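> Handing you this structure, nothing more for now.
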Amino acid sequence: QVHLVESGGGLVQAGGSLRLSCAPSGRTFSNGAMGWFRQAPGKEHEFVAVITSGGDTYYAHSVKDRFTISRDTAKDTVYLQMNSLKPEDTAVYYCAVDVLNRAQRSPLEYHYWGQGTQVTVSS
């Protein structure tokens, strides 16, 4: 059975930083696009960032220049470095994989999902 396991969430003050990690178990996704989404209470899943197997990256406007997505192919792990965090970044963050490597912004285009990790930014 395939799982994506996220880690690195927590509570941080506004202006602080966190780094999220996501690693699969059960199979490798080195040929897929790996993305991060987030969901705040009462809201839909929101695209955050995605990285293709070739290393192309795309970001939501709201996080561009503050967040950086990267991947370690050898470890089959994707990271989300989050700097200058704001209270509005508070959400459950999910990693997801698009096995077709399309770098889509819609959560409907992703095939596997992690269980989520909570990020809370206090003001």
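The values are calculated or read from the model by the stated rules, or taken from the named source; none is laboratory data. Predicted model, so just to flag it, every value in this text is computed and none were measured. Neighbour counts run over all protein chains shown; Cβ positions are idealised from the backbone, glycine included. For accessibility, only protein heavy atoms count, side chains too; no ligands or nucleic acids. Shrake-Rupley method; radii C 1.70, N 1.55, O 1.52, S 1.80 Å.
> Determine, from the Cβ-Cβ distance of Arg19 and Arg102 and an R0 of 35 Å, the FRET efficiency 1/(1 + (r/R0)^6), rounded to the nearest 0.05. It would help to have the intermediate numbers written out before the result.
Values: r = 26 Å, r/R0 = 0.73.
That pair, Arg19 with Arg102, gives E of 0.85.
> If we count every other residue with Cβ under 13 angstrom of Gly16's Cβ, Lys/Arg +1 and Asp/Glu -1, where does the sum land? If you can, show how the numbers build up before the last one.
On the way: positive: Arg19, Arg66, Lys86; negative: Asp89.
After counting each charged neighbour, the total is +2.
> Find the relative contact order for the chain and round it to a whole percent, using C-alpha pairs within less than 8 Å whose residues are 6+ positions apart. Before the final figure, lay out the partial values.
Values: 315 pairs, mean separation 44.9, N = 123.
Taking the mean separation of contacting Cα pairs over the length of the chain, I get 36 percent.
> Would you please name the GluC sites (Glu not before Pro) within segment 36-123 that are DSSP coil residues with at most 11 other C-beta atoms within 10 Å of their C-beta? Write out the running numbers ahead of the final one.
On the way: sites: Glu44, Glu46, Glu88, Glu109; in loops: Glu44.
For GluC sites (Glu not before Pro) across segment 36-123 that sit outside H, G, I, E and B with at most 11 neighbouring Cβ atoms in 10 Å, the list reads Glu44.
> Pull out a ≥ b ≥ c, the square roots of the eigenvalues of the alpha-carbon gyration tensor of segment 65-123, then state rounded if a/c is under 1.5, prolate if not and a/b is larger than b/c, and oblate in the remaining case. All intermediate terms of the calculation are to be shown ahead of the outcome.
Values: a/c = 2.03, a/b = 1.57, b/c = 1.29.
Prolate shape, in that a/c is at least 1.5 and a/b is the bigger ratio.
> Using a probe radius of 1.4 Å on heavy atoms only, what accessible surface per residue do you get for segment 1-48? Whole Å² is fine.
Value for segment 1-48: 52 Å² per residue.
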